[in-house]
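Here the structure comes first, spelled out in structure tokens, and everything after it is commentary.
The values are calculated or read from the model by the stated rules, or taken from the named source; none is laboratory data. All values reported here derive from a predicted model rather than from experimental measurement. Reconstructed Cβ throughout: ideal geometry from the backbone, glycine too, with neighbour counts over all protein chains shown. When the accessible area is computed, the model is the full protein with side chains, heavy atoms only, and any ligands, DNA or RNA have been set aside. Shrake-Rupley method; radii C 1.70, N 1.55, O 1.52, S 1.80 Å.
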Amino acid sequence: MKVYISVDIEGVAGITHWDEAEKGHADWAEFREIMTREAIAAIDGARAAGATEIWVKDAHDSGRNLITPMLPADVTLIREWSGHPYSMIQELDESFAALVMIGHHAGVGSEGNSLAHTLNTRTHMMTLNGKPVSEFRLCALAAASLGVPVAFISGDKALMEEVEQTNPHIGRLAVKEGRGQSTISMTPLAAQNAIRAGVEKSLRGKLKDCLLPLPEKFTLDLTYVSPAMAYEKSFYPGCKYLGNRTNRVEAATIFDVMRALRFIK
């Protein structure tokens with residue numbers, strides 16, 4: 001069984017402030033280690049479930065956060081960004097049995113995480129087919145287009161509520177929840193233990209039930225913080241300016257959506 005693990009930081013246990021997520025800040029070192037330990041817990045869970053090949057994507061900001069000497073020798077690690085539209089799941093293809101997402105977070109517009117956003121903080125709102133869209137849903141739809149299910153995801157409570165509404169068969173773990181700028185969280189060790197057990201259980205389950213259905217077409221709307229950015233990005237081919245800092249792209253496939261986001265987000 002070949003398993004892909006995408007690891008972000010804003011949904012790891014305890015993280016609360018942007019200082020803790022930003023490379024080079026004094027607070028970042030603590031939380032990059034927590035991110036790394038949660039990744040290792042997921043790797044251990046995947047192995048226990050029978051995974052024979054594991055790929056790990058460092059999917060936060062610079063793509064250079066995981067403490068590489070801590071990772072097991074037999075995993076394949078993807079760092080930085082190639083520019084491929086699938087970004088946080090770069091190199092995912094039909095050969096993988098499942099996608100696991102660790103340390104992920106609620107999308108833009110959510111009050112369930114003080115660090116909530118979708119891809120960056122330059123958008124005020126992003127919707128797909130009329131619903132606010134998170135990085136989880138973008139990645140899960142992209143994976144589904146390849147026939148790969150999301151088996152398990154960890155992060156904040158608000159994201160887990162979205163996952164449950166999207167597909168209740170996906171294994172999920174809320175390691176924390178937000179209250180304004182504050183968080184109420186499991187300890188890192190408790191989260192790591194729960195991730196290990198959750199990944200193993202999920203990968204032993206009915207993976208096909210975790211696939212997301214693909215819509216026949218996609219409508220992507222982005223409302224920007226900056227009106228100047230809304231105007232600039234409206235010149236992307238096929239992009240339509242709707243007014244009020246909002247652009248729209250209509251697409252036939254999720255790949256087309258993800259490709260557009262490389263240029264207009």
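Brief remarks on what is shown
- Counting only strands (runs of 3 or more DSSP E) that sit completely within segment 143-191, zero hold 2 or more residues that are of a type in the set (Val, Ile, Thr) and open to solvent by 50 Å² or more (accessible area, probe 1.4 Å).
- Residues considered: Ala143, Ala191, Ala158. Of these, the only one that is closer than 22 Å to Ala97 by Cα and in contact (Cβ under 8 Å) with a residue 40 or more places away in the chain is Ala143.
- Residue match in segment 44-65 (condition: more than 20 Å from Leu203 (Cα to Cα), at pLDDT 95 or above and over 17 Å from the mean Cα position of the chain (by Cα)): no
- Extreme residue, nearest to Phe136 (Cα to Cα), among residues of segment 201-214 that are open to solvent by less than 50 Å² (accessible area, probe 1.4 Å) and in a loop (DSSP other than H, G, I, E, B): Leu212
Results for (1) buried (at least 24 other Cβ atoms within 10 Å of the Cβ); (2) among the charged types (D, E, K, R); (3) in contact with a Phe, Trp or Tyr (Cβ under 7 Å, 6 or more places away or on another chain), shown as yes or no for each residue.
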residue	(1), (2), (3)
Ile34	no, no, no
Leu99	yes, no, yes
Gly103	yes, no, no
Ala106	yes, no, no
Ser110	no, no, no
Leu119	no, no, no
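- Failed criterion for Ile34 (all others in (1) more than 23 Å from Arg179 (Cα to Cα); (2) under 18 Å from the mean Cα position of the chain (by Cα); (3) among the aliphatic types (A, V, I, L, M) hold): (1)
- Near pairs, Cβ below 6 angstrom, 6+ apart or cross-chain, from segment 1-25 (touching a residue at least 12 places away in the same chain (Cβ under 8 Å) and of a type in the set (Lys, Arg)) to any residue that is part of a strand (DSSP E or B) and open to solvent by 10 Å² or more (accessible area, probe 1.4 Å): Lys2/Glu53
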